[in-house]
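> Can you read through this structure? Questions will come right after.
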Amino acid sequence: MSRAHNFNAGPAVLPLEVLEIAQKELTDFNGTGMSIMEHSHRGKAYDAVHAEAVANMGKLLGVDDNYQVLFLQGGASLQFAQIPMNLLLPGQTADYVNSGAWASKAIKEAKKIGAVNVVADTSKDIPTNMPDYASLNYTKGAAYVHVTSNETIAGTQIQQFPKTEAPLVCDMSSDILCRPFDLKQFGLIYAGAQKNLGPSGVTLVVIRKDLIERAPATLPTMLQYRTQAKENSLYNTPSTFGIYILMLVSRWLLAKGGAAGIEKINRAKADKLYAAIDNSGGYYRGGANKACRSIMNVTWRLPTEALEEKFIKEATAQKMIGLKGHRDVGGCRASIYNACPVESVDALVAFMKDFQAKNG
Ligand SMILES: *Cc1c(COP(=O)(O)O)cnc(C)c1O
């Protein structure tokens, strides 16, 4: 078997061990004679999977009695709307930091629901950048403050979360559980699963319990957090197979020492790649301001667009997949999520050196 070096931004690489377990169990889950996909979401077999997924996520994220783990659908993109629908009441203002493409999308949706105050905008900065969150002027009495912990396209990442008076809400789609953080700082965090947690089709939301009840009762049932909170994310049929894979990923992550364990590996991977960029004598130029470089999405440019095209083509021929930068920014990007093996990063670094030697 030959696995690709998968640097896709999302959906993205999954741990081989997880795929192998899923393969083994695919047609007969735990001796039941059925795939987990064929089980009722209200039956015993799936119930155990669901409970373990909730419990493991709780362990990994430090969830206590004040918070609840939800598995929703509609992706992080639906959260862009569902968050203000539930938390931004008439007469209130929500603060948003526009740190890039994903934050911009969150802002666009929130503006459809209520009053938005953009407290900082680095979305057009080159090199890509993030503001100093600690020094921003947040609105007094804001409904919440929304930030994006990792801008997947720009390759930037919040280094230190701000302490805000209003509940801090964070889109962690592309860096959740890549490093430890203190959940108590947050009112709500959310992430589409397809980057760091599992397959697409599941959205993780962790919400502080007092915020569950803020939504107006006039909201459609499925859009109120309280609906899924009351039913442990089983009000309607959840993405059972997606949650099953997420559960396997959570087991894998716990075995790696959780967020603290994986962070060491992630930093080592990112350091190697940034060193390859920084030690290239300017041949490779990092896309992000060094002070806010992401350890999940590494972006860089080559001297010309023609060379970038050649680089990506030759890398692809060597089974290094997904290195093309987002169409909005160009250049190259390697997404090196939790499940991306060190060997893939080593292969890429070796390829970068080789390419420069031949095309420098
Ligand atoms: C991918 C991504 C999204 C969009 O996620 P969907 O699940 O496709 O809606 C939102 N925010 C960030 C930071 C992302 O990386």
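> If I filter region 183-193 for residues that are in contact (Cβ under 8 Å) with a residue 12 or more places away in the chain, of a type outside the set (A, V, I, L, M, F, W, C) and assigned to a loop (DSSP other than H, G, I, E, B), do I get at least one hit?
Checked region 183-193: no residue is in contact (Cβ under 8 Å) with a residue 12 or more places away in the chain, of a type outside the set (A, V, I, L, M, F, W, C) and assigned to a loop (DSSP other than H, G, I, E, B).
> Separate question: Looking at region 49-87 only, could you name the residues that are surrounded by fewer than 16 Cβ atoms within 10 Å (Cβ to Cβ) and more than 16 Å from the ligand (Cβ to nearest atom)?
Within region 49-87, A51, A55, K59, G62, D64, D65, N66 meet the criteria.
> In addition: Of the residues in region 91-137, how many are in contact (Cβ under 8 Å) with a residue 40 or more places away in the chain and within 19 Å of T299 (Cβ to Cβ)?
Within region 91-137, residues that are in contact (Cβ under 8 Å) with a residue 40 or more places away in the chain and within 19 Å of T299 (Cβ to Cβ) number 10.
> Under 7 Å by Cβ, and 6 or more places apart or on different chains, what pairs join a residue from region 251-278 that is at positive phi with one that is crowded, with 16+ Cβ neighbours inside 10 Å and in a helix (DSSP H, G or I)?
Qualifying pairs under 7 Å: G258/L60.
> To continue, here is another question. Tell me yes or no: at least one residue of region 291-298 is in contact with an Asp or Glu (Cβ under 7 Å, 6 or more places away or on another chain) and farther than 30 Å from D354 by Cα.
no
> Of Q185, Q194, Q224, which residue is open to solvent by 40 Å² or more (accessible area, probe 1.4 Å) and away from the ligand (no atom under 15 Å from the Cβ)? Explain how you work it out, then say what you get.
Details: Q194 fails: away from the ligand (no atom under 15 Å from the Cβ); Q224 fails: open to solvent by 40 Å² or more (accessible area, probe 1.4 Å).
So the residue among Q185, Q194, Q224 that is open to solvent by 40 Å² or more (accessible area, probe 1.4 Å) and away from the ligand (no atom under 15 Å from the Cβ) is Q185.
> Could you tell me which of the residues S135, S77 is closer than 28 Å to G198 by Cα and among the small types (G, A, S)?
S77
> If I filter region 198-221 down to residues being part of a helix (DSSP H, G or I) and β-branched (V, I, T), which single residue comes out as surrounded by the most Cβ atoms within 10 Å (Cβ to Cβ)?
By that ranking, first place goes to I212.
> Looking at this structure, is S174 surrounded by fewer than 18 Cβ atoms within 10 Å (Cβ to Cβ), at pLDDT 95 or above and hydroxyl-bearing (S, T, Y)?
Judged against the criteria, S174 is not a match.
> Report whether or not S200 is touching a Pro at 6+ places or on another chain (Cβ under 7 Å), within 28 Å of A9 (Cβ to Cβ), assigned by TED's automatic domain parsing to the domain that holds I189 and among the hydroxyl-bearing types (S, T, Y).
Criteria met by S200.
The values are calculated or read from the model by the stated rules, or taken from the named source; none is laboratory data. Only a predicted model underlies this, so the values are computations on that prediction, with no experimental measurement involved. So basically every Cβ, Gly included, is an ideal-geometry build from the backbone, and we count neighbours across all protein chains shown. What goes into the accessible areas is simple: the full protein's heavy atoms, side chains included, and nothing from ligands, DNA or RNA. Shrake-Rupley method; radii C 1.70, N 1.55, O 1.52, S 1.80 Å.
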